[in-house]
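Okay, structure first, notes after.
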2 protein chains.
Amino acid sequence: MSRTKQPEIIHQPAARHRPPLLHSWLIGRPLPTADAAHQAIGRAVGLAVFASDALSSTAYATQEILVILAVAGSIAFGYAFPIAVVIVGLLIIVTSSYEQTIHAYPGGGGAYIVSRDNLGSLAAQVAGAALLTDYILTVSVSVSAGVAQVVSAFPFLFNYRVLLAVGMVLVIMLINLRGVKESGIIFAIPTYFFLLMVFGMVVTGLVRVVSGSLGTLNSPPPLEIEATGTITLFLLLHAFSSGTTALTGVEAISNGITAFKEPRSRNAGQTLLWMTGILGVLFLGITFLAGKIGAVPSEIETVISQLARTIYSTRGFLYLGVIASTALILVMAANTAFADFPRLSALQASDGYLPRQLAYRGSRLVYSRGIITLAAIAALIIILFDANVSSLIPLYAIGVFLSFTLSQAGMARRWFKIGRLAAGEEVQERGSILRYDPGWRWKMVVNGFGAVCTAVVMMIFLVTKFFDGAWLVGLLIPLLVYFLFTIHQHYLDLADALTLSDYKAQPSLKKHRIIMPVSTVHKGTLKALRFARSLSGKNTISGVFVSFDDPQTELLQERWKKWASDVPLVVIDSPYRELIHPLVMYIEEQVKNSKPDEIVTVIVPEFIPRRWWNNFLHVQTAIMLRWALRHVPGVVVIDVPYHVD
Amino acid sequence: MSRTKQPEIIHQPAARHRPPLLHSWLIGRPLPTADAAHQAIGRAVGLAVFASDALSSTAYATQEILVILAVAGSIAFGYAFPIAVVIVGLLIIVTSSYEQTIHAYPGGGGAYIVSRDNLGSLAAQVAGAALLTDYILTVSVSVSAGVAQVVSAFPFLFNYRVLLAVGMVLVIMLINLRGVKESGIIFAIPTYFFLLMVFGMVVTGLVRVVSGSLGTLNSPPPLEIEATGTITLFLLLHAFSSGTTALTGVEAISNGITAFKEPRSRNAGQTLLWMTGILGVLFLGITFLAGKIGAVPSEIETVISQLARTIYSTRGFLYLGVIASTALILVMAANTAFADFPRLSALQASDGYLPRQLAYRGSRLVYSRGIITLAAIAALIIILFDANVSSLIPLYAIGVFLSFTLSQAGMARRWFKIGRLAAGEEVQERGSILRYDPGWRWKMVVNGFGAVCTAVVMMIFLVTKFFDGAWLVGLLIPLLVYFLFTIHQHYLDLADALTLSDYKAQPSLKKHRIIMPVSTVHKGTLKALRFARSLSGKNTISGVFVSFDDPQTELLQERWKKWASDVPLVVIDSPYRELIHPLVMYIEEQVKNSKPDEIVTVIVPEFIPRRWWNNFLHVQTAIMLRWALRHVPGVVVIDVPYHVD
């Protein structure tokens, strides 16, 4: 007693596909969808994957502060530690905000989702654009920085630096295509090596401070800047904003929650706390010790190198370990971007703001297309900027702080919504559940304060670094957002056009007007003719030949009489030796003369050569005709292939 | 009472096509095939088009001889004129051979056709390969030489020389695409300007010699080579072979006969004689005068410049005219190659040794594809060699002499065949008529002697310039010949495979197994389904959906029940998230299960977006599936397009 007839539905498994050997060797064997849970990572690997970007900033954040203070002379270096303390305070606010976010959005939080669900799609796409830019630049900048270190050790590689950098991007890409778990394990080694070396150095340094045995820096590199001697507010703000580079990467975990093992939020949250703890301690420790030994910002020797040789009193194995691990962690920062970019772009793609293909998982269950896209754009930037990308650094710090601001503003708004619920009430809202929380006021204030702080830092950044390139951000992000909304509009229009909600059933097609363009009569032509005849019914068939008024016209008519005498042949004279245009005009005329229940079906014999290069030896009429007819409605083109073996 | 039924044959004119405005503006309005006769050129324009390559060699041939003789010291310069006389003797032999060829092969002679009809296809393709190489290198070398002159006058252009050279190639290409007549008229101006200036100089010089008023060169440029003082046979041969560069371009007219007005052979033959006369007089005159004034080969100042300033006693307008017209004629040499390359490649293409497309005439009745191919390859060589191509000169002189040798050997063989005819007998042989000629013995001896001479020169060239790059020719020409024969084999195989001589009529197709891959159900899907149903008859239709085990599977089945309840649906589970492979496997299975009178017809709904970039926002399943199925015999893929407006 069913209302409609039930169609027969047959389920069957797919034939097993063995991918090419090279594919398996590079990427690994394909993983079934059911394996997804086994690909999740724990906290130790998660820290390596998602923290390396943030932790790498300890390698240069202190130096960034000192470089700015140097303008006022070494007298100003005393402000470095207080500034670092303020930055760590900001770090704690941002972290607590993200910690809340991670628990509120276990399905993958981050600035994008928080903005989307609480501030609307414009804010969400702004956050998305800022973060995508951030990830792309992180890869370009960190890989170039790593290559710069290698090149300064081996100067004969200088001419190959672009090649080296692009090669490194490709290697990181390949390893990431193997899946997040495998890449995480591979890249955990350099990250933990860095932590070991730098923690060791900081602890040794502090012990020597306490024991009073830590001296000052021997033969410091020369201060390259002519000091003004005056400390201005602008200078301190500038130094502060430069130092906030230490915060970049803090958002990484919030975008990567779905990579973690269950319980996801708990694992991701704890990893975040660990990361912030380590980052804060290292940053404060390094800045403190740099002040103690009288480190000097220099292009010749990094502050880390000055610290290491002073703390270890010599350039021995431990010194070399610190230097090598620092170079490594800079490159590892790129890996964090490779973990986050594909996840974020998949989210935006499934919301219809980026090409949908980015939301499909590849053979190793990662978003392969996102990984490849990231590698391609980052490599392009490296090539365009000749692997000399330090000028891009101000650009992406702004993007990061923009996403911090939006994320925290979104959370503040969320607490506000929660505050308006009755006690004990729960509301499902897209990806998360709003549940009444008596502490909502306090939490709203924390997030709101955080949003204001990061917004202020962003403004400071924009003003102080405006002429260093920050102005570009003002162009780039709006452009990218426009681009995202253009894509979205396309998907909306398409859905509108294809919806069946207003569908009126069309009368069934009664007749095909079959047109068969021919250039000669051979086995392929007869094969196509046989196909045309099989459509039969009330259909009409006619051959069409475009004549250039040469011996071929005569020959064709002879052959047509012999082999296709039952099919009428239209000969179009083409005095200007044009082939495609007269055919298209003829076909369009046939379409015009068709009734609504008729369709014009063009059948083209298409030669498929055995070897690809043989295609160059043939006029690709079939392909050109298909291309020319693709915008003519009411025509269906059928290529009947013939193979030569 | 006809043997077979006569098909209806309808003739109709093509709809007039208005080409895009840019096309008309660049190339000119299309010309109908019937206009071909009006595009033929007379002797004056023919001389400009086909002689500029040969005449341009007077600008450097004398200098080439002196450079080699300089090795023995200025004492050896006295040998230059005798060597020039021998070269002019060779020129006369070669010319008389080509003059005969032109009359024997009025349908477009040249080394290629003469070799093909008298020496077989291997010799013909060797001649073709040598000439094609020659033309390509002529363009690269002459344009680069012209740019080098411009750059030495305006040194700030040095960094743009590759751009300038490529731009010049494109301009010459565009002008040639306008048709041989129009380009001939445009390029006649610089050619006749050159003749005027250089003839004026030579005549003035000779008058001053006779009147005894011609002094010797003032402040000659320094001789850069340390002289050995000994004159060896090798040295003289080397100088002779370098001087034979004066002969390059003599073959041009024989390859371009079809460009001339009727009577073609007469017009082409007279143009050839004029060209040789001018070339011989100028070459002897310049070499003679160079000896009189004591000109010195130099990289700093050309012999022509030395001559002009000595003859005119000052660097005035006449001097500048000579210099400017010499620079111009060097570039014009490229135009000769643009006239010949497309004709030769069209001949080879219609014989099936090059892609057939090269034999089709473009909208202006020239072989546009040949012109564009020549420009592209020449530009590529300019880019690869950084517009510094003088090292390629030895390469193409060898090719020229190879074609001389083959052409004359072919003519000698032709006279031998004629000698075996009875008096008054005529035999048609491919493109020409063999007619008994009582003087055949003498003519055979002349051509045979010419062949031996040019073969000897080629050997001298090969030996003396072996390490300068001539060895490359030994690799390049055989490789190109192999390539030509590979193409030919492809066309032979294809003709074999498609011939209807052994054709057995196939049983007509009784049934289509229609398979319709779907990813969702929308208006496009229903349109494709409507098309599928219209094929009907005994056909079966089934939908195929590849399931990734996600919510979409459920949704699709729901919709299928609602909209296509009469069509069975096959759901293929794809645990590895592969789309194309399971479909192809399923379709191949259906092919395997088909009877001989059944065909598997795959109908794919294909979305055609309005804007091209929208294609990137869609998985191009239709295209990928078509590509994957193109080598599966027994399958026809039908894309049913749906447009969104």
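Say we look at region B:602-645 and pick out the residues that are open to solvent by 30 Å² or more (accessible area, probe 1.4 Å) and charged (D, E, K, R); which of these is nearest to A:Val644 (Cα to Cα)?
B:Arg630
Table: residues versus (1) part of a helix (DSSP H, G or I); (2) surrounded by 16 or more Cβ atoms within 10 Å (Cβ to Cβ).
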residue: A:Val166; (1), (2): yes, yes
residue: A:Val171; (1), (2): yes, no
residue: A:Leu174; (1), (2): yes, no
residue: A:Glu182; (1), (2): yes, yes
residue: A:Ile189; (1), (2): yes, no
residue: A:Val209; (1), (2): yes, no
residue: A:Leu214; (1), (2): no, yes
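Do you know which residues across region A:616-645 are of a type in the set (S, T, N, Q) and facing another protein chain (nearest Cβ under 10 Å)?
A:Gln620
Only one of B:Ile541, B:Ile599 is in contact (Cβ under 8 Å) with a residue 60 or more places away in the chain, not in a helix (DSSP H, G or I) and not polar (S, T, N, Q); which?
Just a single option satisfies the conditions, and that option is B:Ile599.
When you scan region A:55-62, do you find a residue that is away from chain B (no Cβ under 14 Å), open to solvent by 10 Å² or more (accessible area, probe 1.4 Å) and polar (S, T, N, Q), even just one?
no
I'd like the full set of residues that are at pLDDT below 90 and among the β-branched types (Val, Ile, Thr), limited to region A:414-443.
Passing the criteria: A:Val427, A:Ile433.
Yes or no: B:Tyr319 more than 24 Å from B:Ile186 (Cβ to Cβ), open to solvent by 10 Å² or more (accessible area, probe 1.4 Å) and assigned to a helix (DSSP H, G or I)?
Against the criterion (more than 24 Å from B:Ile186 (Cβ to Cβ), open to solvent by 10 Å² or more (accessible area, probe 1.4 Å) and assigned to a helix (DSSP H, G or I)), B:Tyr319 qualifies.
Output the number of the condition that A:Phe260 fails; it satisfies all remaining conditions of (1) aromatic (Phe, Trp, Tyr); (2) crowded, with 24+ Cβ neighbours inside 10 Å; (3) modelled with pLDDT under 90.
So the condition that A:Phe260 fails would be (3).
It is to be established whether one or more residues within region A:576-595 are more than 7 Å from chain B (Cβ to nearest Cβ), buried (at least 18 other Cβ atoms within 10 Å of the Cβ) and small (Gly, Ala, Ser).
No, region A:576-595 contains no residue that is more than 7 Å from chain B (Cβ to nearest Cβ), buried (at least 18 other Cβ atoms within 10 Å of the Cβ) and small (Gly, Ala, Ser).
Can you spot a residue in region B:204-219 that is touching a Ser or Thr at 6+ places or on another chain (Cβ under 6 Å) and at pLDDT 85 or above?
Looking for residues that are touching a Ser or Thr at 6+ places or on another chain (Cβ under 6 Å) and at pLDDT 85 or above, one finds at least one in region B:204-219, hence yes.
Quick grid of which residues meet (1) basic (Lys, Arg); (2) within 37 Å of the chain's Cα centre (by Cα):
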| site | (1), (2) |
| --- | --- |
| A:Lys592 | yes, no |
| A:Ile599 | no, no |
| A:Val604 | no, no |
| A:Trp613 | no, yes |
| A:Val619 | no, no |
| A:Leu629 | no, yes |
| A:Val632 | no, yes |
| A:Val635 | no, no |
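Take region B:26-54 and flag every residue that is assigned to a loop (DSSP other than H, G, I, E, B) and exposed (fewer than 15 other Cβ atoms within 10 Å of the Cβ).
If the condition is that a residue be assigned to a loop (DSSP other than H, G, I, E, B) and exposed (fewer than 15 other Cβ atoms within 10 Å of the Cβ), then B:Arg29, B:Pro32, B:Gly42 are the ones that fit.
Looking at B:Leu402, B:Leu365, which one is farther than 21 Å from B:Leu330 by Cβ and open to solvent by 20 Å² or more (accessible area, probe 1.4 Å)?
One residue alone meets the criteria, B:Leu402.
Taking region B:368-394 only, how many residues are open to solvent by less than 20 Å² (accessible area, probe 1.4 Å) and more than 15 Å from the chain's Cα centre (by Cα)?
Within region B:368-394, residues that are open to solvent by less than 20 Å² (accessible area, probe 1.4 Å) and more than 15 Å from the chain's Cα centre (by Cα) number 5.
Got a sec? Which of B:Ile93, B:Ile83, B:Ile75, B:Ile68 is at pLDDT below 85 and open to solvent by 10 Å² or more (accessible area, probe 1.4 Å)?
B:Ile75
Using the structure shown, decide if B:Ser121 is within 29 Å of B:Leu484 (Cα to Cα) and surrounded by fewer than 19 Cβ atoms within 10 Å (Cβ to Cβ).
Yes: the conditions hold for B:Ser121.
Taking B:Ile515, is it at pLDDT 85 or above, open to solvent by less than 20 Å² (accessible area, probe 1.4 Å), more than 11 Å from chain A (Cβ to nearest Cβ) and outside any loop (DSSP other than H, G, I, E, B)?
It is true that B:Ile515 is at pLDDT 85 or above, open to solvent by less than 20 Å² (accessible area, probe 1.4 Å), more than 11 Å from chain A (Cβ to nearest Cβ) and outside any loop (DSSP other than H, G, I, E, B).
Do any residues in region A:158-176 that are closer than 10 Å to A:Val143 by Cβ and of a type in the set (A, V, I, L, M) have Cβ atoms under 8 Å from those of residues that are open to solvent by 50 Å² or more (accessible area, probe 1.4 Å) and modelled with pLDDT under 95, where the two are at least six apart or on different chains, and which pairs are they?
So the pair list comes out as A:Leu164/A:Val150; A:Val166/A:Ile383.
I need the full set of residues from region B:518-532 which are at the interface with chain A (Cβ under 8 Å from one of its Cβ atoms) and surrounded by fewer than 16 Cβ atoms within 10 Å (Cβ to Cβ), in order please.
Once the filter is applied, which keeps residues that are at the interface with chain A (Cβ under 8 Å from one of its Cβ atoms) and surrounded by fewer than 16 Cβ atoms within 10 Å (Cβ to Cβ), region B:518-532 yields nothing.
I'd like to verify a number: residues in region A:444-461 that are at pLDDT 85 or above and in contact with a Pro (Cβ under 9 Å, 6 or more places away or on another chain), how many?
Here the count works out to 0.
Just to be sure, is A:Glu99 part of a helix (DSSP H, G or I), under 21 Å from A:Ala252 (Cα atoms) and out of contact with any strand residue (DSSP E or B) (no Cβ under 8 Å at 6 or more places or on another chain)?
yes
Please indicate, with yes or no, whether at least one residue in region B:424-439 is open to solvent by 30 Å² or more (accessible area, probe 1.4 Å), assigned by TED's automatic domain parsing to the domain that holds B:Gly243, touching a residue at least 60 places away in the same chain (Cβ under 8 Å) and of a type in the set (S, T, N, Q).
There is no residue in region B:424-439 that is open to solvent by 30 Å² or more (accessible area, probe 1.4 Å), assigned by TED's automatic domain parsing to the domain that holds B:Gly243, touching a residue at least 60 places away in the same chain (Cβ under 8 Å) and of a type in the set (S, T, N, Q).
When the residues of region B:538-575 are filtered to those that are among the small types (Gly, Ala, Ser) and more than 7 Å from chain A (Cβ to nearest Cβ), which remaining residue is most open to solvent (accessible area, probe 1.4 Å)?
Looking at residues that are among the small types (Gly, Ala, Ser) and more than 7 Å from chain A (Cβ to nearest Cβ), I get B:Ser542.
Is it true that some residue in region A:478-497 is open to solvent by 30 Å² or more (accessible area, probe 1.4 Å), among the charged types (D, E, K, R) and not in a helix (DSSP H, G or I)?
There is no residue in region A:478-497 that is open to solvent by 30 Å² or more (accessible area, probe 1.4 Å), among the charged types (D, E, K, R) and not in a helix (DSSP H, G or I).
Which pairs have Cβ atoms under 7 Å, sit 6 or more apart or on different chains, and link a residue in region A:199-220 that is assigned by TED's automatic domain parsing to the domain that holds A:Gly285 to one that is surrounded by fewer than 16 Cβ atoms within 10 Å (Cβ to Cβ)?
A:Thr216/A:Gly294; A:Leu217/A:Gly294; A:Pro220/A:Gly294
Could you please find all residues in region B:323-361 being hydrophobic (A, V, I, L, M, F, W, C), over 13 Å from the mean Cα position of the chain (by Cα) and more than 17 Å from B:Gly46 (Cβ to Cβ)?
B:Ile323, B:Ala324, B:Ala327, B:Leu328, B:Leu330, B:Val331
Which members of region A:341-358 meet the condition of being open to solvent by 30 Å² or more (accessible area, probe 1.4 Å) and either β-branched (Val, Ile, Thr) or in a helix (DSSP H, G or I) (or both)?
Across region A:341-358, the qualifying residues are A:Arg343, A:Leu347, A:Ser350, A:Arg356.
With A:Leu122, A:Leu66 as the choices, which residue is within 15 Å of A:Gly410 (Cβ to Cβ), in contact (Cβ under 8 Å) with a residue 12 or more places away in the chain, of a type in the set (A, V, I, L, M) and assigned to a helix (DSSP H, G or I)?
Criteria check complete, one pass: A:Leu122.
Any residue at all in region A:464-473 that is of a type in the set (D, E, K, R), modelled with pLDDT under 85 and open to solvent by less than 70 Å² (accessible area, probe 1.4 Å)?
Yes, some residue in region A:464-473 is of a type in the set (D, E, K, R), modelled with pLDDT under 85 and open to solvent by less than 70 Å² (accessible area, probe 1.4 Å).
The values are calculated or read from the model by the stated rules, or taken from the named source; none is laboratory data. On a predicted model such as this, the values are computed, not experimentally measured, just so you know. We place every Cβ from the backbone using ideal geometry, glycine too, and count neighbours over all the protein chains shown. Note: areas computed on protein heavy atoms with side chains; ligands, DNA, RNA excluded. Shrake-Rupley method; radii C 1.70, N 1.55, O 1.52, S 1.80 Å.
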